[in-house]
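A short write-up of the structure that comes next.
Each reported figure results from applying straightforward, stated rules to the coordinates on display, with no laboratory input. Remember, it's a predicted structure, so these values are computed and weren't measured experimentally. Neighbour counts are summed over all protein chains in view; Cβ atoms, including those assigned to glycine, are modelled from backbone coordinates with ideal geometry.
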Amino acid sequence: MEKTHIVPKIYGYVVCLVAVIVTLVALGNIVNAIFDRANPTSVSDYRYNLQSHDVSSFAAYKADYQSNLNSAENKTATTVVLSDDQLRTNYEAARTSQIDAVKLGTVKTITVFSILLVVAVGLFASHWIWLRKFEK
């Protein structure tokens, strides 16, 4: 009578399934981070703790600033209207800050998910080879 080894087989296949799922999630996050890194001024994502200002262009930043000035919340408060030069300085600072935050965030994301990817591929390969021994 042949031994069935059902429990080790279930364990091996479950590990392989989880490794495939982790691989797909890691690849998706790596691709997202690559796209974010390619155009850091257009990112408006919670992952990088960005400010709410649109820094994709100076015109967009200025429009955002002016809409904030005209909002109902600022009508009651005393607001300071900035000149274009002052606004340009603030824009450059906000833009630089966002680019730095996105660069750091994408490096972190790519590093973490690359490590997960390597571990998942290693687990899958080792368990798949181990499962093949039961087939013999």
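Some points to look at:
- With K and R counted +1 and D and E -1, the other residues having a Cβ less than 13 Å from that of GLY12 yield a net charge of +2.
- Taking Lys and Arg as +1 and Asp and Glu as -1, the other residues whose beta-carbon sits under 12 Å from that of SER126 total +2.
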